[in-house]
Amino acid sequence: SLDIQMHQSQSLFFARDIPFYLLLGVIAGLVGALFNSSIIGGLTVNRKLKIPVTLSCAMAGLITGVTMLYLPPLFHNFAGLREALLAQHLDLNTVLLSFATLFGLTVLAYSSGAPGGLFAPSLTLGACLGQLISLLQLHLTGATNLETFAIVGMGAVFCAVARVPMTSVIIIFEMTTDFNVVLPLMISCVVAHLVAHRLNPGSIYDQLLQFQGINIEASDDTSIANNIAVAR
(Lines give C-alpha, C1' and ligand atoms only; values in the text may rest on other atoms or scores of the structure.)
Protein backbone atom coordinates (compact mmCIF):
# COMPACT_ATOMS: atom_id res chain seq x y z
CA SER A 1 0.00 0.00 0.00
CA LEU A 2 1.18 3.55 -0.69
CA ASP A 3 -0.88 5.00 2.16
CA ILE A 4 1.36 6.88 4.59
CA GLN A 5 0.52 6.07 8.17
CA MET A 6 1.38 9.10 10.29
CA HIS A 7 2.95 8.17 13.61
CA GLN A 8 2.23 11.59 15.11
CA SER A 9 -1.01 13.51 15.26
CA GLN A 10 0.41 16.04 12.80
CA SER A 11 3.58 16.73 10.90
CA LEU A 12 5.50 19.78 12.07
CA PHE A 13 6.80 22.78 10.14
CA PHE A 14 8.72 25.78 11.47
CA ALA A 15 10.38 28.78 9.84
CA ARG A 16 13.80 27.42 10.82
CA ASP A 17 13.13 24.44 8.56
CA ILE A 18 12.80 26.49 5.34
CA PRO A 19 16.53 26.47 4.38
CA PHE A 20 16.58 22.70 4.79
CA TYR A 21 13.49 22.26 2.62
CA LEU A 22 15.15 24.45 -0.02
CA LEU A 23 18.23 22.23 0.18
CA LEU A 24 16.01 19.14 -0.05
CA GLY A 25 14.45 20.56 -3.21
CA VAL A 26 17.84 21.20 -4.81
CA ILE A 27 19.12 17.69 -4.05
CA ALA A 28 15.82 16.12 -5.15
CA GLY A 29 16.13 18.00 -8.45
CA LEU A 30 19.63 16.66 -8.96
CA VAL A 31 18.50 13.13 -8.15
CA GLY A 32 15.48 13.39 -10.45
CA ALA A 33 17.60 14.55 -13.37
CA LEU A 34 20.15 11.78 -12.77
CA PHE A 35 17.41 9.17 -12.36
CA ASN A 36 15.73 10.10 -15.64
CA SER A 37 19.04 10.13 -17.49
CA SER A 38 19.95 6.74 -16.02
CA ILE A 39 16.64 5.17 -17.06
CA ILE A 40 16.95 6.39 -20.64
CA GLY A 41 20.63 5.46 -20.70
CA GLY A 42 19.85 1.93 -19.49
CA LEU A 43 17.14 1.50 -22.11
CA THR A 44 19.51 2.75 -24.80
CA VAL A 45 22.22 0.27 -23.80
CA ASN A 46 19.68 -2.57 -23.71
CA ARG A 47 18.44 -1.62 -27.19
CA LYS A 48 21.99 -1.55 -28.60
CA LEU A 49 22.83 -4.94 -27.08
CA LYS A 50 19.62 -6.41 -28.55
CA ILE A 51 19.20 -8.84 -25.65
CA PRO A 52 15.87 -10.73 -25.74
CA VAL A 53 13.51 -9.35 -23.11
CA THR A 54 13.15 -12.75 -21.44
CA LEU A 55 16.91 -12.99 -20.97
CA SER A 56 17.34 -9.37 -19.85
CA CYS A 57 14.53 -9.73 -17.29
CA ALA A 58 16.03 -12.99 -16.02
CA MET A 59 19.44 -11.36 -15.63
CA ALA A 60 17.94 -8.38 -13.80
CA GLY A 61 16.03 -10.75 -11.50
CA LEU A 62 19.17 -12.77 -10.80
CA ILE A 63 21.24 -9.69 -9.96
CA THR A 64 18.45 -8.34 -7.74
CA GLY A 65 18.06 -11.66 -5.92
CA VAL A 66 21.78 -12.06 -5.28
CA THR A 67 21.98 -8.45 -4.07
CA MET A 68 19.11 -9.02 -1.64
CA LEU A 69 20.86 -12.06 -0.18
CA TYR A 70 23.69 -9.87 1.09
CA LEU A 71 21.52 -7.07 2.45
CA PRO A 72 19.90 -6.88 5.92
CA PRO A 73 16.27 -8.12 6.31
CA LEU A 74 15.06 -4.50 6.23
CA PHE A 75 15.71 -4.47 2.47
CA HIS A 76 13.72 -7.60 1.70
CA ASN A 77 10.46 -5.62 1.55
CA PHE A 78 10.66 -2.18 -0.07
CA ALA A 79 7.23 -1.22 1.27
CA GLY A 80 8.51 -2.00 4.76
CA LEU A 81 11.70 -0.08 4.00
CA ARG A 82 9.68 2.97 3.03
CA GLU A 83 7.70 2.74 6.28
CA ALA A 84 10.94 2.48 8.25
CA LEU A 85 12.34 5.53 6.48
CA LEU A 86 9.21 7.45 7.45
CA ALA A 87 9.01 6.33 11.07
CA GLN A 88 12.51 5.63 12.34
CA HIS A 89 15.78 7.50 12.58
CA LEU A 90 18.04 5.15 10.64
CA ASP A 91 21.81 5.50 10.74
CA LEU A 92 23.58 7.29 7.89
CA ASN A 93 25.09 4.14 6.40
CA THR A 94 21.69 2.41 6.22
CA VAL A 95 20.07 5.41 4.53
CA LEU A 96 22.87 5.72 1.97
CA LEU A 97 22.79 1.98 1.30
CA SER A 98 19.01 2.15 0.87
CA PHE A 99 19.30 4.98 -1.62
CA ALA A 100 22.09 3.41 -3.67
CA THR A 101 20.45 -0.03 -3.74
CA LEU A 102 17.02 1.21 -4.74
CA PHE A 103 18.40 3.60 -7.36
CA GLY A 104 20.59 0.96 -8.98
CA LEU A 105 18.09 -1.90 -8.90
CA THR A 106 15.26 0.28 -10.22
CA VAL A 107 17.34 1.42 -13.20
CA LEU A 108 18.46 -2.17 -13.80
CA ALA A 109 14.94 -3.61 -13.65
CA TYR A 110 13.27 -0.93 -15.75
CA SER A 111 16.04 -0.97 -18.37
CA SER A 112 15.64 -4.73 -18.76
CA GLY A 113 12.08 -4.31 -20.01
CA ALA A 114 10.54 -5.95 -16.95
CA PRO A 115 6.99 -4.76 -16.21
CA GLY A 116 6.89 -2.19 -13.45
CA GLY A 117 6.53 1.48 -12.67
CA LEU A 118 8.65 4.33 -11.37
CA PHE A 119 6.18 5.95 -8.98
CA ALA A 120 6.77 3.82 -5.86
CA PRO A 121 10.58 3.72 -6.28
CA SER A 122 10.70 7.51 -6.62
CA LEU A 123 8.75 7.83 -3.36
CA THR A 124 11.20 5.60 -1.49
CA LEU A 125 14.17 7.46 -2.96
CA GLY A 126 12.55 10.66 -1.72
CA ALA A 127 12.08 9.22 1.76
CA CYS A 128 15.82 8.43 1.78
CA LEU A 129 16.67 12.02 0.87
CA GLY A 130 14.27 13.30 3.53
CA GLN A 131 16.07 11.13 6.09
CA LEU A 132 19.44 12.54 5.02
CA ILE A 133 18.31 16.17 5.30
CA SER A 134 16.65 15.41 8.62
CA LEU A 135 19.90 13.92 9.93
CA LEU A 136 21.76 17.01 8.70
CA GLN A 137 19.35 19.36 10.46
CA LEU A 138 19.58 17.30 13.65
CA HIS A 139 23.36 17.49 13.52
CA LEU A 140 23.43 21.25 12.87
CA THR A 141 20.57 22.47 15.05
CA GLY A 142 19.85 19.66 17.49
CA ALA A 143 16.18 19.44 16.44
CA THR A 144 14.31 18.01 13.47
CA ASN A 145 11.09 16.33 12.41
CA LEU A 146 12.01 13.17 10.56
CA GLU A 147 8.52 12.25 9.42
CA THR A 148 7.83 15.58 7.74
CA PHE A 149 11.16 15.64 5.92
CA ALA A 150 10.72 12.06 4.70
CA ILE A 151 7.20 12.79 3.43
CA VAL A 152 8.25 16.03 1.71
CA GLY A 153 11.22 14.22 0.19
CA MET A 154 8.85 11.70 -1.38
CA GLY A 155 6.92 14.45 -3.11
CA ALA A 156 10.04 16.35 -4.17
CA VAL A 157 11.71 13.40 -5.88
CA PHE A 158 8.52 12.34 -7.62
CA CYS A 159 8.13 15.93 -8.82
CA ALA A 160 11.72 15.96 -10.11
CA VAL A 161 11.09 12.73 -12.01
CA ALA A 162 7.63 13.50 -13.41
CA ARG A 163 7.89 17.35 -13.44
CA VAL A 164 4.42 17.87 -11.96
CA PRO A 165 4.74 20.18 -8.91
CA MET A 166 1.07 20.62 -8.06
CA THR A 167 0.21 16.99 -8.75
CA SER A 168 3.04 15.92 -6.41
CA VAL A 169 1.73 18.18 -3.65
CA ILE A 170 -1.82 16.90 -4.08
CA ILE A 171 -0.80 13.22 -4.16
CA ILE A 172 1.26 13.45 -0.97
CA PHE A 173 -1.42 15.52 0.75
CA GLU A 174 -4.04 12.91 -0.14
CA MET A 175 -1.81 10.22 1.35
CA THR A 176 -1.28 12.10 4.62
CA THR A 177 -4.46 14.26 4.85
CA ASP A 178 -2.28 16.68 6.81
CA PHE A 179 -2.40 20.36 5.85
CA ASN A 180 0.91 21.01 7.61
CA VAL A 181 2.84 19.23 4.85
CA VAL A 182 1.43 21.43 2.07
CA LEU A 183 3.71 24.46 2.50
CA PRO A 184 7.00 22.52 2.82
CA LEU A 185 5.88 20.33 -0.06
CA MET A 186 5.29 23.39 -2.24
CA ILE A 187 8.72 24.79 -1.36
CA SER A 188 10.65 21.60 -2.07
CA CYS A 189 8.62 20.53 -5.11
CA VAL A 190 8.95 23.86 -6.91
CA VAL A 191 12.70 23.99 -6.30
CA ALA A 192 13.09 20.34 -7.35
CA HIS A 193 11.14 20.99 -10.54
CA LEU A 194 13.24 24.04 -11.48
CA VAL A 195 16.56 22.29 -10.81
CA ALA A 196 15.61 19.06 -12.58
CA HIS A 197 14.19 20.87 -15.62
CA ARG A 198 17.33 22.99 -15.89
CA LEU A 199 19.57 19.92 -15.90
CA ASN A 200 17.41 17.47 -17.83
CA PRO A 201 14.35 18.99 -19.58
CA GLY A 202 11.19 16.93 -19.86
CA SER A 203 9.54 14.46 -17.53
CA ILE A 204 10.51 10.80 -17.55
CA TYR A 205 7.25 10.00 -19.32
CA ASP A 206 7.95 12.50 -22.11
CA GLN A 207 11.45 11.11 -22.46
CA LEU A 208 10.14 7.54 -22.64
CA LEU A 209 7.79 8.56 -25.45
CA GLN A 210 10.65 10.22 -27.32
CA PHE A 211 12.74 7.09 -26.80
CA GLN A 212 9.98 5.16 -28.57
CA GLY A 213 9.99 7.67 -31.43
CA ILE A 214 6.89 9.60 -30.36
CA ASN A 215 7.33 13.38 -30.37
CA ILE A 216 4.32 15.03 -28.75
CA GLU A 217 5.42 18.59 -29.54
CA ALA A 218 5.82 17.80 -33.23
CA SER A 219 2.52 15.96 -33.51
CA ASP A 220 -0.33 17.42 -35.57
CA ASP A 221 -2.89 19.23 -33.44
CA THR A 222 -5.61 18.33 -35.89
CA SER A 223 -7.95 15.73 -34.44
CA ILE A 224 -11.09 14.01 -35.66
CA ALA A 225 -13.18 16.31 -33.48
CA ASN A 226 -11.84 19.37 -35.31
CA ASN A 227 -13.11 18.01 -38.62
CA ILE A 228 -16.67 17.30 -37.48
CA ALA A 229 -19.20 19.90 -38.55
CA VAL A 230 -21.81 20.77 -35.97
CA ALA A 231 -25.20 22.05 -37.12
CA ARG A 232 -27.66 24.03 -35.05
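The values are calculated or read from the model by the stated rules, or taken from the named source; none is laboratory data. Just so we're clear, the structure is a prediction, and the values are computed from it rather than from any experiment. Here the Cβ is made from the backbone with ideal geometry for all residues, glycine too, and neighbour counts use every protein chain on show. Note: areas computed on protein heavy atoms with side chains; ligands, DNA, RNA excluded. Shrake-Rupley method; radii C 1.70, N 1.55, O 1.52, S 1.80 Å.
So what is the calculated 222 nm ellipticity per residue for the chain, using -39500 (n - 2.57) for each DSSP H run with n of 4 or more, over all residues, to the nearest 500 deg cm²/dmol? Can you show the working numbers first?
Values: 9 runs with 157 residues, N = 232.
Counting only the DSSP helices, I get -23000 deg cm²/dmol.
Just from the alpha-carbon atoms, what are the Rg and Dmax of the range 82-139 in angstroms?
In Å, with Rg to one decimal and Dmax whole: 12.4, 42.
Would you kindly compute the Cα radius of gyration of the range 1-113 and its largest Cα-Cα separation (Dmax), both in Å?
Reported Rg and Dmax, both Å: 17.3, 53.
On the protein heavy atoms, probe 1.4 angstrom, tell me the percent of accessible surface of the chain carried by carbon and sulfur. Mind dumping the intermediate values first?
Values: 7920 of 12100 Å².
Here it works out to 65 percent.
Stokes-Einstein diffusion coefficient for the chain at 37 °C in a medium of 0.692 mPa s, Rh from the Kirkwood formula over Cα pairs: what value in µm²/s? Mind showing how you got there, number by number?
On the way: Rh = 18.8 Å.
For the chosen part, D equals 175 µm²/s.
Pull the list of the chain cysteines that no other Cys approaches to under 4.7 Å, Cβ to Cβ.
Lacking a cysteine Cβ partner under 4.7 Å: Cys57, Cys128.
In sequence order, what are the phi-derived ³J(HN,Hα) couplings for the range 90-101 according to the Karplus relation 6.51 cos²θ - 1.76 cosθ + 1.60 with θ = phi - 60°, rounded to whole Hz, with x for glycine and proline?
Working through the residues one at a time gives 8, 6, 4, 4, 5, 5, 5, 5, 4, 5, 5, 5 Hz.
Given a Förster radius of 41 Å and the C-beta distance between Leu194 and Ala143 as r, what FRET efficiency does 1/(1 + (r/R0)^6) yield to the nearest 0.05?
Working: r = 28 Å, r/R0 = 0.69.
The value I calculate is 0.90.
Figure the gain on full extension for Thr67 and Ala79 (residue separation times 0.36 nm, minus the Cα-Cα span) and round it to one decimal in nm. Walk me through the intermediate numbers first.
Details: separation 12, 0.36 × 12 = 4.32 nm, distance 1.73 nm.
Residue separation times 0.36 nm, minus the Cα-Cα distance, leaves 2.6 nm.
Quickly work out the Phe119-to-Gln210 label distance, labels modelled 7 Å from Cα along the C-beta direction, and quote it in nm with one decimal.
Once both label points are built, they end up 2.4 nm from each other.
Give me the accessible area per residue for the chain, probe 1.4 Å, as a whole number in Å².
Numbers: 12100 Å² over 232 residues.
Per-residue accessible area for the chain comes out at 52 Å².
Tabulate in residue order the Karplus-calculated ³J(HN,Hα) for the range 126-139, using 6.51 cos²θ - 1.76 cosθ + 1.60 with θ = phi - 60°, rounded to whole Hz; enter x for Gly and Pro.
In residue order, the calculated couplings are x, 4, 4, 5, x, 4, 4, 5, 5, 5, 5, 5, 4, 5 Hz.
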